[in-house]
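Okay, structure first, notes after.
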Amino acid sequence: MAIRFYNEDCNYVLKGKRLISTWIRAAIEEEGFATGDISYIFCSPERHIEINRKYLGHDYYTDVITFDYSGAGQNSKSANPVSRGTDRTAAGSGEAEPETENPFTGSKHSKDHPRLSISGDIFIDPATVASNAAEYGATPREEMLRVLIHGVLHLCGYKDKSETEARIMRKKENYYLAKYQ
């Protein structure tokens, strides 16, 4: 499946899309999932807050809003938006092939049970990302990479509403950011 990048009413240019796509795919794989159809949509602050109001009922600016279409992150088959602020034998071996499990989401896979494919739309407001970068002492590029992986981590089932969830999310973001650089 594909990772795609679109602009909706803004002129943001993401550099290094091919490398970023490879990095995102590797993170998804490491989390125990397969890459489905993932669209990143860069949009203006006005469009972003409109989406935030309409789908989340939030009347504030945010940098990323994720719509999960696979159900992996939300345990549902419908689009669920989240914003920042889941005995076998190996062929020919005769030995049991261990299942691997995403410890946060409980998603299991093995050769006999393929990975669940994650799909979704991830709306990003580059202006808010740049503003947050200045506030947090990061470069706009670093903060954009953080937001890109943040949206995918939501699709993988990670949440960030409680302090504990936010701490786990930040740890995962930092882990994958270190792998990019």
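Computed values, structure above
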read-out	value
Test result for A130, of a type in the set (G, A, S) and in a helix (DSSP H, G or I)	yes
Only one of R25, R47, R53 that is touching a Ser or Thr at 6+ places or on another chain (Cβ under 6 Å) and either modelled with pLDDT of 95 or more or outside any strand (DSSP E or B) (or both)	R25
Counted residues, the range 137-181 - those being of a type outside the set (A, V, I, L, M) and either assigned to a loop (DSSP other than H, G, I, E, B) or farther than 15 Å from I20 by Cβ (or both)	20
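The values are calculated or read from the model by the stated rules, or taken from the named source; none is laboratory data. In this text the structure is predicted, and so the values were computed from the model without any measurement. For neighbour counting, all protein chains shown are included, and Cβ atoms are generated from backbone atoms with ideal geometry for every residue, glycine included.
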